[in-house]
Amino acid sequence: MATLSAVGERRLVENIRNIVRSRSQNSALGIGDDAAVLAGLSGGGTVVCTDVVTKDRHFPRGMTYERFGWTAAAVNFSDIASMGARPIAFLSAVTMPGDSDETWLYDIMSGIDQCCEFCGAGVVGGDTKFGPLAIAGTAIGDLEGRRALVRSGARPGDVVAVTGSLGRAATGYLAIENGMDAEDSIFALMAPVPRVEEGRRISESGCATSCIDLSDGLAAAAMEICRQSHVGMDI
């Protein structure tokens, strides 16, 4: 038997797809993209995604609990944005050690709320439990009558394009680890910005054949687009 880390996240997802089956008659797009699309719940479809941030992987030295909360919401809204949907709601399940200062939880929720305000959504529910510090977020979006931007639509002749500055968050992490002064990059690491407006405009324009969230890096994203669209890329 292989360990989870040896198999890797993407292969694990593929293996899980062979185990579970969607039983929802409203499922227009299930496991395998940045978010699921549920048809029939609104005029243009409802987009739903979930993502987890943990202290070990997403809490670099110098980060505040408020920014940790912002990050938990941002990584989810980034997936909503990559589908071309408008964020409408967010749920957060937070685990924290029982001996944590209660203000830390309030700071986390404040950060989540600030990101929701930035994206035009609201916190509509969640859960709290004692345990290792982690936040599982669920974001909900509305396609507003547009088609979802998916990973499987790329065609030969398409141009590869990105939003934002690639590598800035990684630069911020390396700056912290090496005691370097890189304020803008460190801020990009601590407070990632979901490209919600860009996603909606791209969807409205109809100029994109496919789309994917880049939080795992350009190389991994490009490979996933190629795999699902059955194309190659020259970058």
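Computed from the coordinates by the stated procedures, all read-outs in this text should not be read as laboratory data. Note that the coordinates shown come from a computational prediction; the quantities given were computed from them, not determined experimentally. Using ideal geometry, Cβ is built from the backbone for each residue, glycine included, and neighbour counts are taken over all protein chains shown.
Is any residue of region 109-148 close enough, with backbone N under 11 Å, to a label point placed 7 angstrom from the Cα of GLU198 along the Cα-Cβ axis, and if so, which?
Once the point is set 7 Å along Cα→Cβ of GLU198, nothing inside region 109-148 turns out to lie under 11 Å by backbone N.
With a ≥ b ≥ c the root eigenvalues of the C-alpha gyration tensor of region 140-220, is it rounded (a/c under 1.5), prolate (a/b larger than b/c) or oblate?
Verdict is prolate for region 140-220.
In what sequence do PHE90, PHE187, PHE59 fall when counting other Cβ within 10 Å, fewest first?
With the sparsest Cβ surroundings first, the list reads PHE187, PHE59, PHE90.
Set Lys and Arg Cβ to +1 and Asp and Glu Cβ to -1, take the dipole of the chain about its Cα centre, and tell me which of SER229, CYS49, CYS115 lies farthest positive.
Comparing the listed Cα positions along the dipole, SER229 ranks first.
Quick one: work out the % antiparallel among DSSP beta bridges in the chain, nearest 5.
Percentage antiparallel, nearest 5: 70.
Check every DSSP H run in the chain and write down those whose alpha carbon atoms cover 15 angstrom or more along the long axis and whose mean Kyte-Doolittle hydropathy is 0.0 or greater.
65-82, 102-119, 218-229
Can you compute the helix-only [θ] at 222 nm over the chain? Use -39500 (n - 2.57) per DSSP H run of at least 4 residues, normalise by all residues, nearest 500 deg cm²/dmol.
-11500 deg cm²/dmol
What ranking of SER92, SER185, SER215 emerges when the number of other C-beta atoms within 10 Å of each C-beta is taken as an exposure proxy, fewest first?
Listed from fewest to most nearby Cβ atoms, that is SER215, SER185, SER92.
Using a ≥ b ≥ c from the Cα gyration tensor of region 174-235 (square roots of the eigenvalues), is it rounded, prolate or oblate, where a/c under 1.5 gives rounded and otherwise the larger of a/b and b/c decides, a/b for prolate?
Because a/c hits 1.5 or more and a/b fails to exceed b/c, region 174-235 counts as oblate.
Compute the normalised compactness of the chain: alpha-carbon radius of gyration over 2.2 N^0.38 Å, N being the residue count.
Dividing the Cα radius of gyration by 2.2 N^0.38 Å gives 1.03.
If contacts are Cα pairs under 8 angstrom and at least 6 residues apart, what is the relative contact order of the chain in percent?
Across the chain, relative contact order equals 24 percent.
Please tell me the relative contact order of region 77-217 in percent, rounded to the nearest whole number, where contacts are Cα pairs under 8 Å and at least six residues apart.
38
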